[in-house]
Amino acid sequence: MKYYSTKNKDLKFSFKDAVIKGLAPDGGLFYPKHLPQLNKSFIDNLHNLSLAEIGFEVAKHFMGGDIPTNKLKEICDDSLNFPTPLVSFEPSVYSMELFHGPSCAFKDVGARFMSRCLSHFAQESDEKITILAATSGDTGSAVANGFLGIENIEVVILYPSGKVSQIQEQQLTTLGNNITALEIDGSFDDCQALVKQAFQDKDLNKKMKLSSANSINIARLIPQSFYYFYAYGQLKNQNKNLVISVPSGNYGNLTAGLIAKQMGLPIKRFIASTNVNKVVPDYLNTGKYESKASIPSISNAMDVGAPSNFDRMMTLYQENHPKICEDLKGASFNDEQTKEIMRKVYKDFGYILDPHGAVAYLGLQEELDTTNELGVFIETAHPAKFIDIVEEVIETQIDIPNYLKSCLTKEKISIQMPNDYQDFKTFLES
Ligand SMILES: *Cc1c(COP(=O)(O)O)cnc(C)c1O
């Protein structure tokens, strides 16, 4: 398997190169040269397979020999080792809870898989790799946890000062060891722009080996397709069409789902659910794409005005708007609607939605034809990660998982920095 840049199909890279570089030299995103078609017997047998087993079978097709089979098996078993249950509180609707990993967010899936791939490559070449990650919330802690204590790897996390929740900030800033948190005086898009500029800085890249760990890294994207296969396996005996609603910010999660469909997984359609940052729903409705400055919301991991995976979605559908609209609908909701549904679902069913899952649930409700369809919405974060807003909305105290509890009492250590590339570069070189 080779990977090309979404900006230039003639540039080709191995899986290893694509993982280490993160972003193609021309600023494009890595994309598989062709998508493997998975055979019917694999799809028919999915209900017998664990997430790790599914991961191994799917991932094999993407490695191009860069990771030995036994090592890949180890990576899958080790990274995909927490439950991803489908929980139902209402007929025909399932919440796929992807927040039972160490940082309580779905990004654990991709971050854990990627960290182990990269660690394998770093060991192989005995080189030091610096990982740059901009986060609007969850990415940071999932990445930091995935890499904590791994030899030959330094992690630098950039987050927008004052724009992540207290719990998220504690998760980012209390790990120490090979993890450094930079608190940037700017927005998430500013953080992302600093990271992008560093990757394009030839001078800097001569001096150090940089890699990304955002959803733009192909080793984060690929494993995010695994749980769509798992969901299908768990629900297929109900013999109904599956509709999956994905709460989206940078659209890595959703793109992975669309890739799974293209590899042969029978999902009827996807819903791109988001908050008021609705450039993708707008594109789906009008055929015109226009990135915007991000607007703050209570589902802040989706406050993205220029989603990085949009180029991959366009590559996947060859920029064919009618074709993408066959597989994908857009939905957008404001904070009031989000809060209202959180309150209602808690009151009616006793189920606690986090603000992101709530947006996905709203998108599903709008689009689901319950007579012949089953709906899955993705719960991307444990509600306790957004404890202030969740408790305020449902007017009830909620339980905090032990992992989150322990980081709340540790001392925050971060480096404050203006939104300035020179300062950032100087820091990296020091
Ligand atoms: C990152 C994140 C999202 C958005 O995922 P993308 O892959 O960037 O679209 C949604 N919900 C939560 C809780 C997240 O952390």
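Summary of values
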{"item": "Exclusive hit being crowded, with 20+ Cβ neighbours inside 10 Å, in contact with a Leu (Cβ under 9 Å, 6 or more places away or on another chain) and either over 19 Å from F226 (Cβ atoms) or of a type in the set (A, V, I, L, M) (or both), set I129, I43", "result": "I129"}
{"item": "Residue match in the stretch 46-66 (condition: β-branched (V, I, T), in contact with a helix residue (DSSP H, G or I) (Cβ under 8 Å, 6 or more places away or on another chain) and not in a strand (DSSP E or B))", "result": "yes"}
{"item": "Matching option when the condition is away from the ligand (no atom under 14 Å from the Cβ), in contact with a Lys or Arg (Cβ under 9 Å, 6 or more places away or on another chain) and in a loop (DSSP other than H, G, I, E, B), among E127, E154", "result": "E127"}
{"item": "Of all residues making up the stretch 102-114, the number that are open to solvent by less than 10 Å² (accessible area, probe 1.4 Å) and of a type outside the set (S, T, N, Q)", "result": "8"}
{"item": "Restricting the stretch 205-246 to residues that are open to solvent by less than 10 Å² (accessible area, probe 1.4 Å) and near the ligand (Cβ under 8 Å from one of its atoms), the residue that is farthest from E379 (Cα to Cα)", "result": "Q224"}
{"item": "Residue match in the stretch 384-402 (condition: at pLDDT below 95 and touching a strand residue (DSSP E or B) at 6+ places or on another chain (Cβ under 7 Å))", "result": "yes"}
{"item": "Set A360, A301: member being modelled with pLDDT of 95 or more, within 12 Å of the ligand (Cβ to nearest atom), under 18 Å from the mean Cα position of the chain (by Cα) and closer than 28 Å to I54 by Cα", "result": "A360"}
{"item": "Tally, over the stretch 270-308, of residues that are touching a helix residue (DSSP H, G or I) at 6+ places or on another chain (Cβ under 6 Å) and among the β-branched types (V, I, T)", "result": "3"}
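The values are calculated or read from the model by the stated rules, or taken from the named source; none is laboratory data. Just so you know, these numbers come straight off a predicted model, no measurement behind them. Glycine gets a Cβ as well: all are built from the backbone with ideal geometry, and neighbour counts include every protein chain shown. All accessible areas refer to the heavy atoms of the entire protein, side chains included, with ligands and DNA or RNA removed. Shrake-Rupley method; radii C 1.70, N 1.55, O 1.52, S 1.80 Å.
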